[in-house]
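Chemist: Questions regarding the structure given below will be posed in turn.
Read the figures in this text as sums done on the coordinates, not as results from a lab. No experiment lies behind these values; they were computed from the predicted model shown.
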Amino acid sequence: MNRVVRALTSRSCAVSRGERVLRGVIAVFLAAFAASNLENLWCAIPAGICATFLAIGAVTGWCPTDLFSRSALETEPNVLGYPEARRQLLG
């Protein structure tokens, strides 16, 4: 497995089929709520955006919270020379 595949699979947060199905069902209800509130755009637009993110997460397993996470860059060695937790400690 190359680095890109490992990075993408390690960042997925909905790994089980049940969680993904639940996200899909919630996305459908949230999209229906957004469509029923088209008179109030201040309510319909955020609900539609959330429904879109949930649907994408249900299909791909991607977490919308990954938009706010920092990328795990290679850490520099600390002053004492002890291995960092992000690096492979054994092997």
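Chemist: Roughly speaking, what is the stretch gain from residue 49 to residue 63, that is 0.36 nm per residue apart minus the C-alpha to C-alpha distance, in nm to one decimal? List each step's numbers first, then the result.
Modeler: Numbers: separation 14, 0.36 × 14 = 5.04 nm, distance 1.41 nm.
Once the chain is fully extended between residue 49 and residue 63, it gains 3.6 nm.
Chemist: List the residues whose amide H sits under 5 Å from the amide H of residue 63, counting only those 5 or more places along or on another chain, with H placed 1.01 Å from N in the peptide plane.
Modeler: 13
Chemist: Does the range 12-67 come out rounded, prolate or oblate, given a ≥ b ≥ c as the square roots of the eigenvalues of its C-alpha gyration tensor, rounded meaning a/c under 1.5 and, failing that, prolate meaning a/b above b/c?
Modeler: It comes out oblate by the Cα gyration axes.
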